[in-house]
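For reference, the structure discussed in these notes is given below.
The values are calculated or read from the model by the stated rules, or taken from the named source; none is laboratory data. In this text the structure is predicted, and so the values were computed from the model without any measurement. Positions of Cβ are generated from backbone atoms using ideal geometry, with glycine treated the same way; all protein chains shown enter the neighbour counts. Please note that ligands, DNA and RNA were not included when accessible areas were found on the heavy atoms of the full protein model with its side chains. Shrake-Rupley method; radii C 1.70, N 1.55, O 1.52, S 1.80 Å.
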Amino acid sequence: MKTYLKTTINGEDKELLCEPRQSLLDVLRDELELTGTKEGCNNGNCGACNIMLDGRLVNSCMVLALEAQGKQVETIEGVADTEGLHPLQEVFLEEAALQCGICTPGFILSAKSLLEKNPNPTEDDVRLWLAGNLCRCTGYDKIVRAVLESAKRLSESPQSEVAS
Amino acid sequence: MDAFDYFAPDNLSEALTLLATPNKTSRPLAGGTDLIVQLRETGLKCDQVIDLKNLAELTQFQSEGGKGWTIGAAVPCSEIYENAEFASQYPGIIDAASLIGGIQIQNRASFGGNLCNASPAADAIPALIAHSVTCQVASKSGTREVNVEDFCQSPGKTVLSEGEILVSLKLPATPKRFGAAYQRFIPRNEMDIAVAGAGSSVVLSEDGKTIESLRVGLGAVAPTPLLVQEISDKLKGKEVDSATFEQAAEIARSYANPISDTRGEDWQRVHLAGVLTQRTLQIACERAQAAL
Ligand SMILES: Cc1cc2nc3c(=O)[nH]c(=O)nc-3n(C[C@H](O)[C@H](O)[C@H](O)COP(=O)(O)OP(=O)(O)OC[C@H]3O[C@@H](n4cnc5c(N)ncnc54)[C@H](O)[C@@H]3O)c2cc1C
Ligand code: FES
Ligand code: FES
């Protein structure tokens, strides 16, 4: 039976009907056409489907869409703003921290949540935090370096000085 | 996934009534990190999924004054290890909460779900055993308490009967000179299922040289996680030294009765039960001594 769902996605209120068995990933991609969030394993292991749910990083394949009732969802589509790309996105491009790109939205969301918690992570911190994100192409090294470089840029940017 | 109905009640008695709906199979949902995989991949069927995360009793996480702490069954691992006051008192629980899955799983996976899923390799359970936790269970007809070491009955099966849910975990206050630790063995650094696991806790004498009491829980070496009562009985009063840790390891090995599977051979698991018992007891003692 289709059920009414009201949720906020990237700051925008959305109302739709969905089936209880649909995952949040299914609804984002198939109903709302927000296809930036990717499906890799569909069982919680790869992180390609990472989104933020009420400020916490989760695998959207492992969340029923109806669990997002009344909650705040942030997807890769909400990471860049009108000013331009997020520093993580810029550095991923500059440093070629991607090849096929399927894993990239998940890595960006995951890395962003790390930098929000820990603005100056060590390489070990980054590797541990990203353990739930798999990449079949890059061998991870460029991704880890890109996250460390983004952390550096973010902590040097005047905006974060104001925030701190 | 087959179709089901979804409910997210906001009071416990409504949830218990829904769970007891006649002629319908119901499944409680906490973080869904086991349940959603089972519904999708193993053909598990149910008529209704009852989300427990809007229930105050299941999401509570608080100190009970001097009487320990209560953790609601649906509280996710990350909320547990982010609480600094709790973390300083329950180190074995923190070890386990920090190594289940990756960050994305820790933000959803609950200790209640870990227990109710009743995997022999569940990481939270040996740590809960070491910390002497009791499980608060409720159904429409009342409530009861179960010691955590008695909660799992066989792989995938718990003491819960139809219509019952696990509401919360009661953690007794940790005495002075207390220490605990949980470790598992996996072939990778993270994101894997335990080949074997052990959780230990100790209370030391005032000078920190003698073990006044101790508890060891083992995982993945038997159909359910085990409390090794013989270690508590035989080794209390012994000195904090490698001979005592080796004796504990020997007893642990004698209780390990594992299977061989793709993750490890039975003999390897028996060996690991000893190694991990030794290591976690040693860390538990070091942690207790550090607080002297
Ligand atoms: C990628 C990945 C990595 C993982 N890594 C680990 C790991 O390292 N270590 C580990 O131990 N586990 C691991 N798991 C398994 C799982 O995350 C844990 O068992 C977790 O603790 C389950 O909690 P949950 O809240 O998600 O449970 P759910 O999936 O919501 O529930 C699990 C089961 O318990 C029932 N249930 C839930 N709550 C209650 C309740 N209060 N009363 C009665 N029944 C209830 C459900 O109906 C279901 O049958 C992993 C899973 C994935 C997908
Ligand atoms: S698609 Fe969700 S974790 Fe892989
Ligand atoms: S770039 Fe292809 S999977 Fe990571």
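Annotations
- Test item: B:43-51 mean partner chain Cβ contacts at 10 Å: 1
- When A and B come together, around 2300 square angstrom of accessible surface is lost from both chains combined, probe 1.4 Å.
- For region A:23-118, with all protein chains in place and a probe radius of 1.4 Å, 44% of the accessible heavy-atom surface sits on carbon or sulfur.
- Cα gyration tensor, the protein assembly as shown - rounded (a/c under 1.5), prolate or oblate: oblate
- Residues in region B:1-34 occluded by at least 10 Å² - accessible area, probe radius 1.4 Å, against chain by itself: B:MET1, B:ALA3, B:PHE4, B:ASP5, B:TYR6, B:LEU29, B:THR33
- Eligible aspartates and glutamates near B:LYS53 by straight Cα distance, threshold 18 Å, same-chain separation 8 or greater: A:ASP54, A:GLU67, B:ASP5, B:ASP10, B:GLU14, B:ASP34, B:GLU79, B:GLU164
- Minimum 50 Å² accessible area buried by the other protein chains, region A:40-71 residues, probe 1.4 Å, relative to alone: A:ARG56, A:LEU57, A:MET62, A:LEU64, A:GLU67
- Per residue, the protein assembly as shown exposes 44 Å² of accessible surface when a 1.4 Å probe is rolled over the protein heavy atoms with every protein chain present.
- Estimated dipole of chain B in Debye, rounded to 20 [Cβ of Lys and Arg +1, of Asp and Glu -1, Cα centre]: 180
- Helix-only arithmetic for chain B: the sum of -39500 (n - 2.57) across DSSP H runs with n ≥ 4, divided by the residue total, places the mean residue ellipticity at 222 nm at -10000 deg cm²/dmol.
- Short-range pairs are left out: with C-alpha atoms under 8 Å and at least six residues apart, the relative contact order of chain A is 22 percent.
- Computed in the context of the full set of protein chains, the accessible area of region B:151-257 at 1.4 Å probe radius has 47% of its extent on carbon or sulfur.
- Two-decimal Rg to Rh for chain B - Kirkwood Rh, Cα set: 0.98
- Partners of A:LYS38 within straight-line reach, counting lysines whose Cα lies under 19 Å from its Cα and excluding those fewer than 8 residues away in the same chain: A:LYS112.
- The accessible area of B:SER242, taken with all protein chains in place and a 1.4 Å probe, comes to roughly 90 Å².
- Secondary-structure-derived ellipticity at 222 nm for chain A, considering helices only, amounts to -9000 deg cm²/dmol, per-run term -39500 (n - 2.57) for DSSP H runs with n ≥ 4.
- Sparsely packed GluC sites (Glu not before Pro) within region A:1-86, loop by DSSP, other Cβ within 10 Å at most 12: A:GLU33, A:GLU83
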